[in-house]
Amino acid sequence: MTRLNGKVALVTGGSRGIGAAIARKLAEDGADIAITYTSAAAKAGETVKAIEKFGRRAIAIRADNLDAAAVEAAVSEAHAKLGRLDILVNSAGVFSVDQIETATLDEFDRVMSIHVRASFVASKAAAALMGAGGRIVSIGSNLGERVPFPGLSIYATSKAALVGLTKALARDLGPKEITVNIVQPGSTDTDMNPANGDHADAQRALMAIPRFGQARDIAGIVAYLAGDEGRFITGSAFTIDGGTNI
Ligand SMILES: NC(=O)c1ccc[n+]([C@@H]2O[C@H](COP(=O)([O-])OP(=O)(O)OC[C@H]3O[C@@H](n4cnc5c(N)ncnc54)[C@H](OP(=O)(O)O)[C@@H]3O)[C@@H](O)[C@H]2O)c1
């Protein structure tokens, strides 16, 4: 018997990077898993296979976070195909950098839709299907709290908005014993932010532990929050960033 046995989780953006590591970790801990992705079907298939190796059921659903109806349908499909829904992880995301002089409203709307609007839609749909013991975890960013580089007006705003969404949902869903938290990674070695990228040294220079985190470093705390030990933790933000800019 493992700690998430009998539970079902939906991880948005579970095809690659942090979302894929979270999906694998929740499966390792015993949950059946649905993931969403938007374009990387082959990578989504690899995550599904990795989950199945743990003896868990897994499905991959194509659902673009820009399309609210598709996100809502993905929540329903996960519940219908896997029989219940206990855990939602809002991880799908994109990076965006531009100085305020050239940043566009279209990009603002795109990033806010992928990070904030879709998390609102998925959380609302999932909460309606969850019973007591439900868990919602959103993946924010340490840039939602501290902004050590220029060009982050859109990205940082979207991640800070997720903190407000988390606290407000925690209030609404607390009486139903559903917890809502946010995990805020720092520099984590993924396609979005490779440890050998052009701006990696500048990031390492800000860190108490001067190296990039691995996606599995983020997955551990998500699994903890998703388990029974997390039952009284809600409305909280957890920054996992090797001590960046402290
Ligand atoms: N890496 C870091 O240093 C870092 C730091 C702080 C926060 N974060 C946050 O962590 C989360 C995961 O990032 P990552 O580094 O793992 O990025 P990644 O490796 O680029 O993976 C991004 C994931 O999000 C999915 N996705 C992107 N746009 C989507 C859309 N419109 N609809 C549905 N899914 C979409 C991708 O699906 P496809 O595979 O189909 O494209 C993929 O599964 C993001 O929210 C990011 O902001 C990352």
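Coordinate-derived values only; no laboratory data. Keep in mind the model is a prediction, meaning the values are calculated, not measured. Every residue, glycine as well, gets a Cβ built from its backbone with ideal geometry; the counts of neighbours run over all protein chains shown.
Taking a virtual spin label 7 Å from the Cα of Ser153 along the C-beta vector, which residues in the stretch 79-105 bring their backbone nitrogen under 20 Å of it? Only 94-105 pass the distance filter. Between the helical axis of 215-226 and the longest alpha-carbon principal axis of the chain there is an angle of about 50 degrees. The slack between Asp228 and Ala195, meaning 0.36 nm per residue of separation minus the straight C-alpha distance, is 8.5 nm. Proximity of backbone amide H atoms, modeled 1.01 Å from N, is registered between Thr239 and Gln184 at under 5 Å, excluding neighbours fewer than 5 places apart on the same chain. Its Cα centre serving as origin, the chain has a Cβ charge dipole (Lys and Arg +1, Asp and Glu -1) of approximately 800 debye. A simple rule links phi to the HN-Hα coupling: the Karplus curve 6.51 cos²θ - 1.76 cosθ + 1.60 with θ = phi - 60°, which for the stretch 228-233 gives 5, 4, x, 4, 10, 9 Hz, with x for Gly and Pro. Coupling constants for the stretch 85-100 follow from the phi torsions by the Karplus curve (6.51 cos²θ - 1.76 cosθ + 1.60, θ = phi - 60°), and in residue order they are 8, 10, 9, 10, 10, 8, 10, 3, x, 9, 8, 8, 9, 6, 5, 4 Hz; glycine and proline get x.
Placing unit charges on the Cβ atoms of the charged side chains and taking the dipole of the stretch 8-240 about its Cα centre, the candidate lying farthest along the positive direction among Gly93, Ala125, Phe108 is Ala125. Comparing Ala80, Ala132, Ala122 in a Gaussian network model of the chain, where Cα atoms under 10 Å apart are tied by springs, the biggest mean-square fluctuation is seen for Ala80. Our coupling estimate for the stretch 39-56, obtained by passing each phi through the Karplus curve with A = 6.51, B = -1.76, C = 1.60 and θ = phi - 60°, is 10, 8, 4, 5, 5, 4, x, 5, 5, 4, 4, 4, 5, 5, 5, 7, x, 9 Hz, Gly and Pro reported as x. Would you please give the FRET efficiency between Ser39 and Ala128, computed as 1/(1 + (r/R0)^6) with r the Cβ-Cβ distance and R0 = 30 Å, to the nearest 0.05? According to the calculation, E is roughly 0.60. Annotation: amide H-H contacts under 5 Å for Thr190 (H modelled 1.01 Å from N, sequence separation of 5 or more, or interchain): Ala195. Here is the list for the stretch 56-115: GluC sites (Glu not before Pro) lying in DSSP coil, each with at most 11 other C-beta atoms within 10 angstrom of its C-beta, are Glu101. If you run the Gaussian network model on the chain, springs between alpha carbon atoms under 10 Å, then out of Ile139, Ile182, Ile233 the most flexible one is Ile233. Straight-line reach from Lys53: taking Cα to Cα under 27 Å and skipping same-chain neighbours fewer than 8 places apart, the lysines in range are Lys7, Lys25, Lys43, Lys81.
Across the stretch 8-240, Cα pairs under 8 Å and at least six residues apart give a relative contact order of 20 percent.
Full-extension gain between Ser76 and Arg216, please, as 0.36 nm times their residue separation minus the C-alpha to C-alpha distance. Please report the intermediate quantities before stating the final value.
Numbers: separation 140, 0.36 × 140 = 50.40 nm, distance 2.75 nm.
Using 0.36 nm per residue and subtracting the Cα-Cα distance, I get 47.6 nm.
Taking amide H positions as modeled 1.01 Å from N, with prolines and chain starts lacking one, the residues under 5 Å from Val11 and 5 or more places away or on another chain are Ala34, Ile35, Thr36, Val89. For the chain, a Gaussian network of Cα nodes joined below 10 Å ranks Ser113, Ser39, Ser76 by mean-square fluctuation, and the top entry is Ser39.
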